[in-house]
Amino acid sequence: LNAAAMVNKRFKKLSPLTSNEDFKFVYDVNNKNAIIGWCGSKGAITEAFVETNRDLDYYYPYQLYPLSTILAEKLRSYEKVIVPELNYEGQFAKYLKSMGINTISFTKTEGYPFTTKEIKEIINEVAK
């Protein structure tokens with residue numbers, strides 16, 4: 001087999017994962033904006049989300065790549081999707097944006113996780 005055939009074979013294995021519904025809806029009532037967290041931001045986002053009581057939906061996927069097509073479709077329906085990330089470039093926000101999702105990226109690189117206060121400020125700034 002040549003290299004192209006092997007690459008195609010590997011990527012075909014990912015196809016079933018795109019229909020996976022294994023993502024957690026923490027809160028989904030079809031508001032106009034949403035926040036999506038992953039990895040170490042879950043605790044701070046969840047707490048801030050509950051405390052701010054904004055009209056905002058919240059998602060926490062268990063699998064980032066390939067992203068569920070069901071989740072991607074839901075995220076495309078929002079005016080803004082807030083993406084707090086603990087990295088310099090906001091890779092997850094860029095990935096979502098490449099899928100046609102209107103993301104607002106907030107990154108932090110100080111080596112410490114987001115605090116609830118920081119996430120509340122982000123939510124209040126975006127979901128005015």
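The values are calculated or read from the model by the stated rules, or taken from the named source; none is laboratory data. As the structure is a computational prediction, the values presented were derived from the model and not from experiment. Note that we place each Cβ from the backbone using ideal geometry, even for glycine, and neighbour counts take in every protein chain shown. Ligands, DNA and RNA are excluded from the accessible area calculation, which covers all protein heavy atoms including side chains. Shrake-Rupley method; radii C 1.70, N 1.55, O 1.52, S 1.80 Å.
Computed from point charges on the beta carbon alone (+1 for Lys and Arg, -1 for Asp and Glu), the dipole magnitude for region 45-99 about its Cα centre is near 240 Debye. The GluC sites (Glu not before Pro) of region 59-99 meeting both criteria, a DSSP state outside H, G, I, E and B (loop) and at most 14 other C-beta atoms within 10 angstrom of the site's C-beta, are Glu79, Glu89.
Note on Asn30 and Lys94: with the Förster distance fixed at 25 Å, the Cβ-Cβ geometry gives a FRET efficiency of about 0.45. What are the residues whose amide H is under 5 Å from the amide H of Tyr27, where those residues sit 5 or more places off or on another chain and H is modelled from the backbone? For Tyr27, the qualifying residues are Tyr58.
Positive end of the dipole of region 70-128 (Cβ unit charges, origin at the Cα centre): among Pro84, Tyr112, Asn102, the Cα lying farthest that way belongs to Asn102.
Sorting Tyr60, Tyr88, Tyr112, Tyr65 by accessible area puts them as Tyr88, Tyr112, Tyr65, Tyr60; the probe is 1.4 Å, largest comes first, and only protein heavy atoms count. For Thr103, the amide hydrogen comes within under 5 Å of the amide hydrogens of Val81, counting only partners 5 or more places away or on other chains and with H modelled in the peptide plane. Remark: region 80-128 carries a charge dipole of roughly 200 debye about the Cα centre, counting +1 on each Lys and Arg Cβ and -1 on each Asp and Glu Cβ.
Computed from phi, the 3J(HN,Hα) profile of region 51-64 under the Karplus parametrisation 6.51, -1.76, 1.60 (θ = phi - 60°) reads 6, 7, 6, 8, 7, 8, 9, 9, 10, 9, x, 8, 10, 8 Hz, with x in place of Gly and Pro. Note on surface exposure: Leu64, Leu71, Leu86 rank Leu86, Leu64, Leu71 by accessible area, highest first, 1.4 Å probe.
All distinct Cα pairs of the chain go into the 1/r average, and the inverse of that average, the Kirkwood radius, is 15.4 Å. Tell me the angle of helix 3-12 to the major Cα principal axis of the chain, expressed in degrees between 0 and 90 and rounded to the nearest ten. Computed tilt is about 50 degrees. The dipole here belongs to the chain: it is taken about the Cα centre, uses +1 on the Cβ of Lys and Arg and -1 on the Cβ of Asp and Glu, and is about 560 debye.
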